[in-house]
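Have a look at the structure below before the remarks.
The values are calculated or read from the model by the stated rules, or taken from the named source; none is laboratory data. All figures in this text were calculated on a predicted structure; none of them were measured in a lab. We place every Cβ from the backbone using ideal geometry, glycine too, and count neighbours over all the protein chains shown. These accessible areas exclude ligands, DNA and RNA; they are computed on the full protein's heavy atoms, side chains included. Shrake-Rupley method; radii C 1.70, N 1.55, O 1.52, S 1.80 Å.
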Amino acid sequence: MIHHANHIRPNVDGVKVGGHQASSASMAAMMSALYFGVLRPEDRVAVKPHAAPVFHAIQYLLGKQTREKLIDFRAFGGAQSYPSRTKDTDDVDISTGSVGLGVAFTAFASLIQDYVRAKPWADRSRPEGRMVALVGDAELDEGNVYECLLEGWKHGLRNTWWVIDYNRQSLDGVVREGLYDRIEAIFRAFDWNIVTLKYGALQRAAFAEPGGDRLKLWIDAAPNAVYSALMFRGGAAWRERLTDEIGDQGPVSALIARRSDEELATLMANLGGHCVPSLIEQFEAAGSDKPTVFIAYTVKGWATPLAGHKDNHAGQMTGAQIEQLRAAMKVREGHEWEPFEGMNDAEGVRKFLEQVPFNAGGSRRLTSPQVETLGPQFVGTGPTSTQAAFGRILDAIAKTDSDLARRIVTTSPDVTVSTNLGPWVNRRNLFARSEMADVFQKEAIPSTQKWRFTPEGQHLELGIAEMNLFLMLGAAGLSHSLFGERLLPIGTLYDPFISRGLDALNYACYQDARFLLVATPSGVSLAGEGGAHQSIASPLIGMAQDGLASFEPAFADELSIIMDWAFDYMQRQGDARPDLADWPRDVTGGSVYLRLSTRTIEQPSRPVDKPLTDGIIRGAYWLKPPTPQCEVVIAYQGVLAQEAIEAAARIGGDRRNVAVLAVTSADRLNAGWHGAQRARLHGDGDARSHIENLLADAPRHAGLITAIDGHPATLGWLGSVLGHRTITLGVEHFGQTGTVYDLYRHFGIDADAMVAAARSLMPGW
């Protein structure tokens, strides 16, 4: 597969294709033992990214992958470079690619499995599955692996296997000596079972021979780099080095002499990770639900001419070497893609694969019915912040005996109270597999928070690690597919700290996980906290992140409408939705990001009709519509509504005609605009986006002022829609401490700045 992609298929652009032959070879035996012998349909697997070709080949043998996609490996429409739930057509449980994230994801998937199975409404007829990660040893350099270990320990992690491909090589070289001891100590500290697979059956048999104990001592003492180098050099080099370093010691010398160079090389390569009987024995012996790590010694490039060479990560076999391999495997020329070519009992193998436990039971992609929403939960018109309104809306849902309320699960990285999840948790409790009393309540100590842990609880409290938050949201957001039970996950964090977990957020979206991300407080409006807790770039992240619809409402009624829509949007699976199909995601659904504020502002008292609701969801509506005499349009997003309204009143007081455009989602507006452009390029000349229709009401001569407590580029593109002259106001530099008014004045986003911008757009004023 890899050779064909790089050397047979025409390379039309001259760019390297790749495919990781050496990294695939080191996993071949382990993955064969798991998929063909150990795994069950309920188990879920995150495959080491660089072993994707082995995964695709196994899926092909199991009848879940096509020959055409193997031939097109790493080509457009073919099998993906790394296993992908959304891009591959074979049976991918957990996407991998960004190293370490698939590993950690299995821990959170296991926690979600426990969460679901603890609920009285869940179908517990399916057996518990094991969450299995196939881990490259270099992936253990990733910090998110250790963050998840601590979180797993706190939550009583179960049913999790990590199988480490301990080939002792990374992309650029050989790993440091003593790494095994450090790995073992870490897992022991977190109370995991540790199974070391160092010696294969051939080696163990040799150790039982006279002199075998001396050979074992030499293997245990051999430095990683030396072992790898000798693997590359072959049997004669092994003989020379063993003879020189062990010396003439009778039994062990005879043990070595009894074997040919080829047999000696095979013996030294027979590490535990390449010995199928040893692997099966240890996997089947691990019957406990206690988390278990298998440290499997392997050789990178095993059984190929690349074995052990420090440059083998990107290395590939030559055409001549592939021909030698083909002949050795008894594969006839031109029959390389035949599933059972070269096997002595092809029919027996075919029948065996039909009975493989993992392949039984049909599709492993489960489904769950959609949950009906309740409609917007309006929470009054008194002055409030969007963060406070979020807490009250969620509390209103918590009071109901609805399926929606039962299916919501919340989580937060140690900021539950400060992101207004407290009322929800007080009503719905925290989750734990066994009951734990609130000690403060038991001791009669007054507290507004009732921290009761119970299997019925609906909040998962995390430590302050945003990577864990997004991995948890990803796992919960795939519960319907992995475990057959729909969850509606809501995660809260401080808006600036989205950047801390951005890799995991992108990863969750790439898997098409469904969740509601509530990020608050945001912007320099969090005036007293200073730059470390104020966000600038997050609106641009919301616009750029695929699979994430981003909103920043100003008012509580807007937030109520958006949240109700979000619960539906998170569950969409592709049925036609022409009512809101401004862009393809409205049909297929996705996750939702709400950027909220702690700043209290006055709320409008107004009827919420269908045109207003549609405008809020599509991304904008006229708070004050333009007339044909309009000279200035102020377009704001989020908490600057108050300043925009004040500025419009002051400009209009000079008898100037001013319009105010309330933007609830620059992301939705921009996506719809680009969608209409693509439609026109493909022949639909009548296609118009929501923002084009809105701005068509404003005369072309009118100036446009955009304002946001965030990066000005978020709205700066609005002038390009129909060619209005535009001034963009926003925040481009790290924040400072002070009052809201100090900071708005400093960054030029207050009403005075908007009035000044309007004056510059209207000469003679």
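Quick notes on this one:
- Stretching the chain fully between Asp742 and Arg572 yields a gain of 56.8 nm (0.36 nm per residue, less the alpha carbon separation).
- Percent of Cα-Cα distances greater than 11 Å, calculated over the stretch 620-670: 65
- Paramagnetic label zone (point 7 Å from Cα along Cα-to-C-beta, Asp289; backbone N under 17 Å) in the stretch 180-196: 192-193
- Annotation: the antiparallel percentage among DSSP beta bridges lying fully within the stretch 360-503 is about 10.
- Ligands, DNA and RNA aside, Met231 has an accessible area near 30 Å² when probed at 1.4 Å.
- Gain upon complete extension [Asp345, Lys442; 0.36 nm per residue less C-alpha separation]: 28.0 nm
- With Cα atoms, 0 to 90° folded angle of helix 466-476 axis to the chain main axis: 80
- Grouping the Cα pair distances of the stretch 280-429 into 10 Å bins from zero gives a pair-distance distribution of 8, 17, 17, 16, 13, 16, 12, 2, 0 percent in increasing distance order.
- Take every DSSP beta bridge whose two residues both sit in the chain; close to 10 percent of them are antiparallel.
- Using R0 = 45 Å, the C-beta based FRET efficiency linking Thr627 and Glu529 works out to 0.60.
- Built amide H within the under 5 Å cut-off of Val17, gap 5+: none
- Efficiency of FRET from Cβ geometry, Gln355 and Arg9, R₀ 35 Å, rounded to 0.05: 0.50
- Across all C-alpha atoms in the stretch 476-530, the radius of gyration and Dmax reach 14.0, 45 Å.
- Surface per residue (accessible, 1.4 Å probe) for the stretch 93-205, Å²: 37
- Counted residue by residue at 0.36 nm each, then reduced by the alpha carbon distance between them, the extension gain from Asp546 to Phe378 reaches 57.5 nm.
- Sorted largest first, the spans of the alpha carbon positions of the stretch 174-301 along the three principal axes are 47, 29, 27 Å.
- Distance violations [Cα-Cα > 32 Å] among Lys64/Lys300; Lys399/Lys610; Lys48/Lys216; Lys69/Lys198; Lys290/Lys330; Lys64/Lys330: Lys69/Lys198; Lys290/Lys330
- Building the convex hull from the alpha-carbon atoms of the chain and averaging its projection over directions returns 38.4 nm².
- Value of D in µm² per second that Stokes-Einstein yields for the stretch 654-765, Kirkwood Rh from Cα pairs, at 20 °C (1.002 mPa s): 137
- Over the stretch 440-575, the alpha carbon radius of gyration divided by the compact-protein estimate 2.2 N^0.38 Å works out to 1.17.
- Residues Lys48, Lys16, Lys351, sorted by accessible area with the largest first, give Lys16, Lys351, Lys48 [1.4 Å probe; ligands and nucleic acids excluded].
- Both radii are taken from the alpha-carbon atoms of the stretch 505-544; with Rh as the Kirkwood radius, Rg/Rh is 1.08.
- Share of carbon and sulfur in the accessible heavy-atom surface of the chain [1.4 Å probe, %]: 53
- Paramagnetic label zone (point 7 Å from Cα along Cα-to-C-beta, Leu366; backbone N under 19 Å) in the stretch 31-59: 39-46
- Close amide H contacts of Leu197 (hydrogens built in the peptide plane, cut-off under 5 Å, sequence separation of 5 or more or a different chain): Ile295, Ala296, Tyr297.
- Take the Cα of Ile464, step 7 Å toward its Cβ, do the same at Thr86, and the gap between the two points is 3.1 nm.
- Derived scalar couplings ³J(HN,Hα) [the stretch 243-252; Karplus, 6.51 cos²θ - 1.76 cosθ + 1.60; whole Hz; x for Gly, Pro]: 5, 5, 8, 7, x, 7, 10, x, x, 5
- Accessible area per residue for the stretch 298-436 is 50 Å², calculated with a 1.4 Å probe on protein heavy atoms, without ligands, DNA or RNA.
- Remark: spin-label model distance Asp248-Thr400 equals 8.9 nm, labels positioned 7 Å along the Cα→Cβ axis.
- Relative contact order (%) - the chain, alpha-carbon pairs under 8 angstrom, separation at least six: 11
- Cα-Cα P(r), the stretch 2-53, percent of pairs per 10 Å interval: 21, 39, 25, 13, 2
- Here the Kirkwood formula, the inverse mean of 1/r across different C-alpha pairs, assigns the stretch 412-503 a hydrodynamic radius of 14.3 Å.
- Cα gyration tensor category, rounded, prolate or oblate, for the stretch 1-93 with a/c compared to 1.5: prolate
- Largest to smallest in accessible area, the residues Phe378, Phe747 fall in the order Phe378, Phe747 (1.4 Å probe, all protein chains included).
- Label-to-label distance for Ala236 and Ala257 is 2.1 nm, based on points extended 7 Å past Cα in the beta-carbon direction.
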